[in-house]
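Inspection log for the structure reproduced underneath, given as structure tokens.
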Amino acid sequence: MDTGSQRLSLDELSLLRWLLGGVLMLLSISAVFYMDVGGGVMAALAAAGVIAALVRPDWPARVPALVHRLAFPAIVAFFIGDIWVTGQPLPAIVRLDLLLILYRGASYRARRDDLQVVVIGLFLIVVSGVLTVSILFAAQIMAFTACALALLMVVTIATAAEGGAAPKLAVRGVVPHWAARVDWRGLMRRLAEASDWRLIASGAALFLGVVASSALLFLAIPRFQLENSLFLERFVVRRAMSGFNDSIKFGDITEITDDDSVAFNADISDPGQAPADPYWRMVVLDAYSNGGFRMSPRTRYGYGLVGQRTGANIYPPPPAPGGPSWTIFMESGVSRYLPLLGPFRVLRFREAQNYHYSPDLEVISLVEEPASMTAYRVEGMPADGAPIPDRAFAASYARHGRLALMDTTLAGVSQGDRRVLARIAAGIGDARVLGARAFAGKAIAALRRDHQYSQEPRYPPGPGDPLVRWMDSRDQGHCELFAGSLVLMARAAGLPARVVTGFRGGTWNAYSGNYMIRNSDAHAWTEIWDEHAQAWLREDPLGSAVDGLAGSEKGDAALAALMDRSWSARLASLRVFWYRRIVNFDQQDQAQTLSAVKAAGDNSGRWLRSVLLELGSRARGWATGPWNAGKIGRLLGALAAAAVLFHVLALGRWRLPALGGRRGTDPVRREAGRWLRRVEGPEALVLDLQRIRYGPAPTWPRPADVFRRARRAASSRPRRGAPSRNTS
């Protein structure tokens, strides 16, 4: 059988290049559909053009030459006009990228053009991953990488098949031979015939190794929020990604986009006490002015959030509450404020930290926002949503009233807006008669009656405070608008109130057994002062109608509704496993781990030693025993089998059909190898022999003529000890 029949021809390699390039472009275009940059129509047109070129590879040859000459100036003009009209650089660059992909998909490509397709497509994939923060980014980048590597390998093989020249698929206006009759099924069959299982296995192992090592590096190396560092979102539209904020500004953000990346994971020591709807408090915002909430200097200084402390343990003043222990793994880029469920008995860091702490506010903030994952353990922290006692504010409020330790006034609201607030509060009822809890219930009912929740808030036009205008309308809004409105309504009725921001809820990772709180779980709610209880009551305008019942559910009943078995949860469980076993073990866990490793090593060593001793005893008994013909024959047979195995595996003499054919068994190639060992020159003769020995058959000169020249060269000069050339 002709051993060269397994090789892919130049036409087949060209068709395979065309297919891989088209698939690579479609993968890049698909990433645009996950980005809200106004490129959907352009992406659909580019995808349609690439698919048409894949179905009919002869179609690009029918594009007029004038279109090719005017394409680049037209693309540049479109990009400049796009920037001029929209004023948004990033969406314009994405649409420019799509036009370039459409142009490359509608024209025959040389090697440098294939490299351009890889670079252009990689840009779209990376931008999609940064803007969407989606778990699909991992699948996209892996598929893109695999396809790009396959394309580059085929381009390299095609270059060698064309004698080292850069492969050009076709000339404009001329339908190439490979595109005239396209048989994709036949190409797949020929590709299967010409593939070498060893090459495929080694390539797959290499790819999986790179993926595994990249995943380990991703877990181990400190990370930062790439989208925040590059400021990409502000180049798109005026929007915000969901996540924690330590201040609130109304009127600036017109839309909120969900960020489903994990903000932090939380382990609980007793899953039987796991709450159904935990509220993770992070920061208290009391001052309202200029259409926004922030923490006032009066609160920051009065509650001791200025003086820096250093240590690995935080002990609040007694009495200590009772509750389970929690271990929090907070990702980088979330905040310097730590999420807490309320009062606790002790908080332990993995190592000494510089921090600020207020036991009355129940707020802890690190001095610097951490650049890597931060882990801490909180003991005795219940999650029942009990009122937050505040002895400092109680004493100050009793002495100074509305000029108390915390800013609970309407100083930042104009007189006209105060009249609007007084009218809204009067429609709810007398807060002194109703009490804090009842007034909050009626105010929340009014907010829910007049407004719908939406991540695309609407502000009615007109002068004055944007939050007051929204309260006096029936427009839709997000949690910050609801929480801020309840605060202003309570203050207008004479009740101290404040906004608290953090996270609400989360899901239960079914694979790692922990709470998984995402950035999309970021939330804002209200705390109203109850003078009788001398504590702050949590009131959530967007809480469930059966909030009290949902908060009382614990254990299996609570976790059943929170169970997450998605692929993203499966991937997140690997990170939690890494944190538990590598990043965040204490001294006791470390001692147990080392003891287990030492015991396993001792057991393995004893087992290996016993096996070696047993084998040595048998070998000595066999060697010192009587020798006969059968014993000698078995020994020689074992040596012969070992020699054959070494010859097959180490020397590589046993070959399967490969993409380029079986070179080692071709008699013409073997003859060229013999002459390479014998002749030293001239250089042109050596190059011809090397081309026959190593190159594809279509690039060979006539072997008979080359061998005749080699015989003349060998006979015309004496052979000297020249260095031998490798013929494997």
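The values are calculated or read from the model by the stated rules, or taken from the named source; none is laboratory data. All values derive from a computational prediction rather than experimental measurement. Cβ placement follows ideal geometry from the backbone for every residue including glycine, while neighbour counts extend to all protein chains displayed. The accessibility values were calculated without ligands, DNA or RNA, using every heavy atom of the protein model including side chains. Shrake-Rupley method; radii C 1.70, N 1.55, O 1.52, S 1.80 Å.
Some observations on this one:
- Cα Rg, Dmax, the range 8-82, angstrom units: 14.8, 46
- Where Rh is the Kirkwood radius over Cα pairs, Rg/Rh for the range 457-562: 1.05
- Whole-Hz ³J(HN,Hα) from phi, Karplus 6.51 cos²θ - 1.76 cosθ + 1.60, for the range 337-351, glycine and proline x: 7, 9, x, 9, 8, x, x, 8, 8, 7, 10, 10, 8, 5, 8
- The range 254-356: C-alpha gyration tensor shape, a/c 1.5 cut-off, then a/b vs b/c: oblate
- Oblate is the label for the range 52-93. Its Cα gyration tensor axes, ordered a ≥ b ≥ c, give a/c of at least 1.5 and b/c at or above a/b.
- Phi to ³J(HN,Hα) by Karplus 6.51 cos²θ - 1.76 cosθ + 1.60 over the range 493-503, Hz, x for Gly, Pro: 8, x, 9, x, 8, 8, 9, 10, 10, x, 9
- Each peptide in 619-626, 418-425, 306-313 gets a packing score, the mean of other Cβ atoms within 10 Å over its residues, and the list from highest to lowest is 418-425, 306-313, 619-626.
- Sequence-distant residues sharing a close amide H with Gln353 (under 5 Å, placed H): Gly311, Ala312
- For Gly555, the residues whose modelled amide H falls within less than 5 Å of its own, excluding neighbours fewer than 5 places apart on the same chain, are Gln273, Ala274.
- Once backbone amide H atoms are built at 1.01 Å from N, Ser512 has no partners under 5 Å, excluding neighbours fewer than 5 places away on the same chain.
- Residue-count net charge about Ala180 - beta-carbon cut-off 13 Å; Lys, Arg +1, Asp, Glu -1: 0
- Span from the the range 23-64 Cα centroid across to the the range 409-450 one, whole angstrom: 56 Å
- Applying both filters, DSSP loop and at most 13 other Cβ atoms within 10 Å, to the trypsin sites (Lys or Arg not before Pro) of the range 471-531 gives Arg474.
- A 1.4 Å probe over all protein chains sorts Leu98, Leu613, Leu27 by accessible area into Leu613, Leu27, Leu98, starting with the largest.
- Between the range 456-504 and the range 278-334, the Cα center-to-center distance that results, in Å: 23 Å
- Anchor Lys554: aspartates and glutamates whose Cα lies under 13 Å away (excluding residues fewer than 8 positions away in-chain): Asp270, Asp277, Asp384
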